[in-house]
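Structure record follows, encoded as structure tokens.
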Amino acid sequence: MALSIAEQHHAAETAATCTQLLELDVVWTTGLEGGVPEGKTEASGDLINVGLSMATALGQIHERVSFLGGFADQLEGLLLEQGGQIEGWTLDLSPMHVPGLVRDAVKYVDNHATEEIAALLAKVERLEGGQAVQGDLRRRMRGYLFILGAAVSLALGTLAAAGGGPVGVALGVAGVGVAQVFLTQGLSDVRA
């Protein structure tokens, strides 16, 4: 896999944005389960900020769909170099299926991110007016975000392991572990 340092940096930032958005979704959903805070309070302001941060993060991911489409090709090349095998891989799904899942995720995000952002901003507006709203990103969107985070973790972890040394091997094992957890959740959400 011939990812430049800049591409690896961009990939790591993308994975971090996916993870941040998924974590903010938990905060958003949990915060809204307790009901809408009355009036303009610190709690209502905090929820509004979470919703706005989610919309911003999803916009950033949407801007990266072209990069992520190319990343799927790069990942496929890396997996072919590895003979389709990844050390420590325990899922029933072959690692060779991950690039196709990334392409599906890119297509879904490209087609639905604008709509999801608009829904988030509408919820923020209703919150500002003191109206009740339901939390959560759409389940399929959340699933595809997990898949994108998984793919980047898998690729960067595999590159680190190929670099060798104890740190590289440790990072490789961690990347594969994160990828498997994210893929499991992502596939569960997408298939639901």
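Would segment 1-100 count as rounded, prolate or oblate if I go by the C-alpha gyration tensor, calling it rounded below 1.5 in a/c and otherwise prolate when a/b exceeds b/c, oblate otherwise? It is prolate, given that a/c is not under 1.5 and a/b is the larger ratio. 3J(HN,Hα) along segment 26-31, derived from phi through the Karplus expression 6.51 cos²θ - 1.76 cosθ + 1.60 where θ = phi - 60°, amounts to 5, 4, 4, 5, 4, x Hz, with x in place of Gly and Pro. So what's the back-of-envelope 222 nm ellipticity for the chain, counting only DSSP H runs of four-plus at -39500 (n - 2.57) apiece and dividing by all residues, rounded to 500? The helix contribution divided over the chain gives -28000 deg cm²/dmol. Of the chymotrypsin sites (Phe, Trp or Tyr not before Pro) found in segment 20-86, not one falls in a DSSP loop while having at most 11 other beta-carbon atoms within 10 Å. The tail of the calculated P(r) for the chain beyond 27 Å holds 33 percent of all Cα-Cα pairs.
Fully extending the segment from residue 134 to residue 33, taken as 0.36 nm per residue of separation minus the present Cα-Cα distance, adds 35.6 nm.
I need to check one value: relative contact order of the chain, counting alpha carbon pairs closer than 8 Å and at least 6 residues apart, in percent.
28
Note on residue 80 and residue 192: the extension gain reaches 37.3 nm, defined as 0.36 nm multiplied by sequence separation minus the Cα-Cα distance.
Against the chain, whose longest principal axis comes from its Cα atoms, helix 139-163 is set at around 30 degrees.
Any chance you could list P(r) for segment 27-83, counting all Cα-Cα pairs in 5 angstrom bins from zero, rounded to whole %? So the P(r) values, bin by bin, are 4, 16, 16, 13, 10, 9, 9, 8, 7, 5, 2, 1.
Give me the distance in nm between label points sitting 7 Å out from Cα along the Cα-to-Cβ direction at residue 114 and residue 63, one decimal. Calculated label separation equals 1.7 nm.
Readers should treat all values here as calculations from the given coordinates under stated rules, not as data from a laboratory. Treat the numbers as computed from the prediction; the structure is a model and nothing was measured. Positions of Cβ are generated from backbone atoms using ideal geometry, with glycine treated the same way; all protein chains shown enter the neighbour counts.
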